[in-house]
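Scroll down for the structure; my scribbles are underneath it.
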Amino acid sequence: MTGDLEGARLIAVLDTNALIRVALAKTRLARALRVAWEEPVFLLLTSEAILDELGRVLRYPRIAGRYGLTEAAIQEFENSVRGASVVVPGLYAVRKIEADPSDDKFLACALDQFSERLGL
C-alpha cells in the first residue's frame, strides 16, 4: 500500500524505538499501533534514513538474538513498514536536535512531507 496523504486524518513519523516495539509486538499498545497504520487510522511517514536505521537496529545481536529475529522476519517487517508508509524523498537535512543528532532524520522526514504540501 502506498499511503494517501489527502484522505489521512492523522500523519505520523515514528522513531526507531517505536518501530522496534511494533516489530517485537510484545505489548498491546505496540500491536494496536501496527493495526492502526495498517487499517489505516493514520498515515505513517518514513524515509530511507529511518528505514536504514530500523534494519540496522533490528540486526543488532542483542535484539535479534534476544527476540529470535531471523533475517527473513526482519526483511518482512521492513517491507511491511515500507508498504504501509509514504517514503519521503529525503530532500532535507536538519541539524536541530543537539541532545541526539541521530534524531534529526525524524524531523527532516516530517519537514520533507509538509514543506511540499505547504509549498515551501
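Derivation of every value follows stated rules applied to the coordinates shown; laboratory data play no part. Quick caveat, the model's predicted, so the values are computed rather than measured. Glycine also receives a Cβ, built like all others from the backbone with ideal geometry; neighbour counts cover every protein chain displayed.
Structural remarks
- Relative contact order computed over the range 10-89 (Cα-Cα under 8 Å; 6+ residues apart), in percent: 36 percent
- Computed lengthening from VAL41 to LEU10, 0.36 nm per intervening residue step minus Cα-Cα distance: 10.4 nm
- Label-point separation, LYS26 to LEU107 (7 Å along Cα→Cβ), nm: 3.0 nm
- Residue-by-residue Karplus 3J(HN,Hα) for the range 104-113, coefficients 6.51, -1.76, 1.60, Hz, glycine and proline x: 4, 4, 6, 5, 4, 4, 5, 4, 4, 6
- Label positions at ARG56 and ASN79, each projected 7 Å from the Cα along the C-beta direction, are separated by 2.4 nm.
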